[in-house]
Every structure is written in structure tokens, then in C-alpha cells.
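Taking it in order: structure first as C-alpha cells, then the write-up.
Every number in this text was worked out from the coordinates using simple rules, so none of it is lab data. Bear in mind the structure is a predicted one, so any value in this text is a computation, not a measurement. For neighbour counting, all protein chains shown are included, and Cβ atoms are generated from backbone atoms with ideal geometry for every residue, glycine included.
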Amino acid sequence: MFLFIVLIMNKVPIINGINTSNIFHLIYLGIFVTGIGYLSYFEAMKHTSAITTSMVFFIKPAIAPVLSFIILKESLATNTIMGVVFIILGSFVMFLRWTSSDSFLKKLIVKRF
């Protein structure tokens, strides 16, 4: 909210370019893409642990460039490839450490709560 007020006070055109031809696209993105994504996230949290759900949630930014490469035939920059690799490796290591029975992370979290 603070950022919104600062943008208005500095007369930054934050709604410039929004018109009747693209408002439905914005509504679709806001309600269906974002809304259903968050509903799915919280529904998944009911059925799995919060850590597993969060790992899947944070893998989404890594999947988007891979899918754009496969489906849209877009090129991937080197830093994007490195970012995807780091996100997937980090999530994989975190998942392995969480699922092991003698996990330090699991003992720390279970001990605190």
C-alpha cells in the first residue's frame, strides 16, 4: 500500500495502457491464474506438509522458462539456466534432507513446535 501511495504522489502512470480491450485479460490473470494458484497452494498444504508445499510453490519460477523453451521455442540466457538449476537443486536437497529420518532440519522444526 505504501508503494502505491508513493507512486501516486510522484505521478507515476501506474494504470497507463489499461483500456477496455485488455481489462478482461488482466481480470483473467488476477482471478484465475493468481487466485486459483493460491487456492491450490493452500489446498495442497492441507494434504502435505508446509515445507513440501512451499518447495513446489518456489519451483514454479524455474518451470516457467523451461516450458517457454519447450513450447514457445524461446531462447534461455545463461543466467536463467543457472537460476533454474540452482532452484531445482536447492529444492531437491531440501526435500532429501527433510524426508530423511535423522534430518537436523526436521528435528529443529519439530522440537520448536
Calculated from backbone phi, Karplus (6.51, -1.76, 1.60) coupling profile of the stretch 23-30 in Hz, x at Gly/Pro: 5, 5, 5, 5, 5, 4, 4, x
Cβ-Cβ FRET estimate between Phe4 and Ser54, R0 fixed at 35 Å, reported to 0.05: 0.80
Under the Karplus curve 6.51 cos²θ - 1.76 cosθ + 1.60, θ = phi - 60°, whole-Hz ³J(HN,Hα) for the stretch 7-21, x wherever Gly or Pro sits: 5, 5, 5, 8, 6, 7, x, 7, 10, 5, x, 8, 9, 5, 7
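How do Leu76, Leu89 rank when sorted from fewest to most other Cβ atoms within 10 Å of their own Cβ? Could you put the intermediate results ahead of the total?
Numbers: Leu76 14, Leu89 11.
Result, fewest neighbours first: Leu89, Leu76.
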Packing-based exposure ordering (other Cβ within 10 Å, fewest first) of Phe57, Phe32, Phe2: Phe2, Phe32, Phe57
In nm, spacing of pseudo-spin labels at Val12 and Val93 (7 Å Cα→C-beta vector): 3.5 nm
